[in-house]
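This report concerns only the one structure given below.
The values are calculated or read from the model by the stated rules, or taken from the named source; none is laboratory data. Predicted model only: the values in this text are computed from it and were never measured. Here the Cβ positions follow ideal geometry from the backbone for every residue, glycine too, while neighbour counts run over all protein chains shown. These area figures cover heavy atoms from the full protein model, side chains too; ligands, DNA and RNA do not enter into them. Shrake-Rupley method; radii C 1.70, N 1.55, O 1.52, S 1.80 Å.
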Amino acid sequence: LNKTAEKVNNLSQKQGHLLHEFIEKSRARNLRVYLQMQAAIPLVIEFSLEVPRVTIGLLTGRLSTRQKLAHNGSLAGPHIQDYLQALIRDLCENYPKIDGLRLDWPEYPPYFLDDVFLDFSDHAKEAAKRLGLDFNGMRREVGDLYRQLQGQLTDSDLIAWTGSERGSALLLRFLSGRAGIEEWIQFKAILTEELLQKSRKTLIEVGHSDMELIPNAFPLDLVSGMDYRRVAAHSNAIRVKLYTMHWPMMLRFYADSIRRANPQVSDSPLVGALESWLDLVDDEGLSS
């Protein structure tokens, strides 16, 4: 930790003035300037290979330390929330002339299939209790779905989960009637909204109510927690990640996970289901 902090501090001392110069020269040319930062990943963890990655609660209640693309902590964690608000205050104090802040991953980024099935940490349990939600019921029903995906799937299941609808509309249809799962989806949306609501409040408290707040969001809002209707009240804009590189990569990650756990399923219904869930194409679809 000390070595990492020392490297960051030395770089800031030597070249920190470049940011101020960039902001001044950009504004002189009528360009708007935004700073982007991770919403739920403390910097010392993100940039140090010597520090264990952020842990977060899986369905088992245990903590996951496996390597991930997104190393987010629990959005319900008070230390994560406090860190983000302290970072916002610091950036506003040091760069008061910027036009806004872009928060990356103020949600649960679903790069891997396992990443979809979060958050069941102790902090999440306390938050669910505060919100009057049935934490155990959520964990039970979400666990049933996870176990089905991880070893109990059939071709018939995959075919039934494929249809003319796509993306969130399709997922909502086959998840409807499962109260625990519906509550869990709502729970993640509330945690995401609360994080952005606190961020907006912090901007007001430090005297920058005019500074824009723009979250970066996954199109898979149903499973990431980024409910656009909820966060719109606290956001000046929502930047949706439609990067081409994400989607083939995520399809492969999901397909590999399901295939390893369900060697009995066939390629065609698996590809068809994933293509529909992720809403990948506009034509007749991908071939297996």
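Here are the numbers for the structure shown:
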{"item": "Cα→Cβ-extended label distance, 7 Å offset, between Lys14 and Ala233, nm", "result": "4.8"}
{"item": "Label-to-label distance, nm, for residues given as Thr154 and Glu21 (7 Å Cα→Cβ offset)", "result": "6.9"}
{"item": "Nearest 10 degrees, 0 to 90: helix 267-278 Cα axis against the chain principal axis", "result": "40"}
{"item": "Difference of contour (0.36 nm per residue) and Cα-Cα distance, Arg130 to Lys241", "result": "36.8 nm"}
{"item": "Sites Gln186 and Arg89 - FRET efficiency at Förster radius 30 Å, r taken between beta-carbons, to 0.05", "result": "0.50"}
{"item": "Accessible surface ranking that places the most exposed of Ser209, Ser74, Ser164 first, with a 1.4 angstrom probe", "result": "Ser164, Ser209, Ser74"}
{"item": "Two-site label geometry, Arg140 and Tyr34: point separation in nm, points 7 Å out along Cα→Cβ", "result": "4.3"}
{"item": "Calculated FRET efficiency for the pair Arg102/Ser164, C-beta based, R₀ 41 Å, to 0.05", "result": "0.70"}
{"item": "Whole-number percent relative contact order across the chain, with pairs defined as alpha carbons under 8 Å at least 6 apart", "result": "20"}
{"item": "Solvent-accessible area, 1.4 Å probe, carbon plus sulfur percent, for the chain", "result": "52"}
